[in-house]
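First the structure, in the form of structure tokens, and then the observations on it.
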Amino acid sequence: MDPQQVFTIGQQGLYLLLLISAPMLITVLVVGLVISVFQAATQINEQTLSFVPKLIAAVAVLSIAGPWMLTTIVDYLQRTLQSIPTVIG
């Protein structure tokens, strides 16, 4: 196993991590931005007002995109484990 193969496997893993986490991160970011604008406009500084909608949005995204996320991770793991004999041998 040469260093190029290690870097390729690591790069694929990081790309998959970014791809899987993007929907939830973007959704929570947008919800947080909307709540922050609302709080700035109304001068309401309640901490739970920003936390609860983010939590609800994260659960909603996880329930919608969860099966896709799990399938993508399982496929990557299967490909990685099945390529072990060819990489070593």
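Miscellaneous remarks
- 0 to 90° range, to nearest 10: angle between helix 47-82 axis and the chain longest Cα axis: 10
- Relative pair counts by distance (%), Cα atoms of the chain, 10 Å bins: 15, 32, 22, 17, 10, 4, 0
- Contour minus Cα-Cα distance for residue 44 and residue 2 (0.36 nm per residue): 9.4 nm
- Gap separating the Cα centres of segment 63-79 and segment 13-56, nearest whole Å: 23
- Against the chain, whose longest principal axis comes from its Cα atoms, helix 3-42 is set at around 10 degrees.
- The relative contact order of segment 3-88 comes to 37 percent, based on Cα pairs under 8 Å that sit 6 or more residues apart.
- Cα-based shape type of segment 34-73, given that a ≥ b ≥ c are square roots of the gyration tensor eigenvalues and the cut on a/c is 1.5: prolate
Since every read-out is calculated from the coordinates, none of them should be taken as a lab result. Here the structure is a predicted model, which means the values were calculated and not measured.
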